[in-house]
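Only one structure is covered here, and it is reproduced in the block below.
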Amino acid sequence: MITVALICLGLVALGALVALVLASLKFSRTSKDVADVFVSAHATTLGSLERIHQSNMQQLSTMADRFMAMDFAQFKGYQAAEIAEEGGFEMPEEPTRVEVVLPGGRVRTVGAEDEATLAERANERQLLAEDFPEGWDEK
């Protein structure tokens with residue numbers, strides 16, 4: 001009887017072992033399928049990231065080219081200023097001459113020496129106008 005019990009116990013153990021092997025094969029296939037799905041999803045994600053990276057790099061390159069073109073224009077402006085001859089630009093000066101329109105439409109240029117004379121005459125007219133207002137001789 002002990003031999004029958006041992007045989008039965010051996011058969012049960014063998015059946016459990018077979019069931020365990022079959023379950024592990026099933027799970028290994030399932031895990032392989034899951035792994036394949038993950039690999040496929042990873043490949044798709046990686047491809048998307050590469051496309052996005054390429055697009056971003058192209059946009060950055062275009063933007064960098066624009067910035068470089070703007071900097072190049074400024075550089076050329078600075079370079080032209082450095083190459084220019086000294087004294088090529090003169091600051092505007094205050095006018096040293098005065099143009100006077102004479103009766104009859106003639107224009108006379110008055111120099112610095114005549115400005116003092118004109119100032120004296122203007123001052124004299126002002127003093128005369130104060131002392132003798134308009135219409136002083138009409139009575």
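No value in this document is a laboratory result; all are computed from the given coordinates. On a predicted model such as this, the values are computed, not experimentally measured, just so you know. Reconstructed Cβ throughout: ideal geometry from the backbone, glycine too, with neighbour counts over all protein chains shown.
Give, rounded to the nearest 20 debye, the magnitude of the charge dipole that segment 1-81 has about its Cα centre when Lys and Arg contribute +1 at Cβ and Asp and Glu contribute -1 at Cβ.
120
Report the gain in length on full extension from L49 to M68: 0.36 nm times residue separation, minus Cα-Cα distance, nm rounded to one decimal.
Value of the extension gain: 4.1 nm.
Extension gain L17-I2, at 0.36 nm per residue separation less the Cα-Cα distance, in nm?
3.2 nm
How would you classify segment 1-81 from its alpha-carbon gyration tensor, with a ≥ b ≥ c the square roots of the eigenvalues: rounded for a/c under 1.5, else prolate if a/b is greater than b/c, otherwise oblate?
The shape class here is prolate.
Extension gain E82-E120, at 0.36 nm per residue separation less the Cα-Cα distance, in nm?
That works out to 8.8 nm of additional length.
Using +1 at the C-beta of Lys and Arg and -1 at the C-beta of Asp and Glu, which of T30, H42, F75 has the Cα lying farthest in the positive direction of the dipole of segment 1-81?
With unit charges placed on the Cβ atoms, the residue in question is T30.
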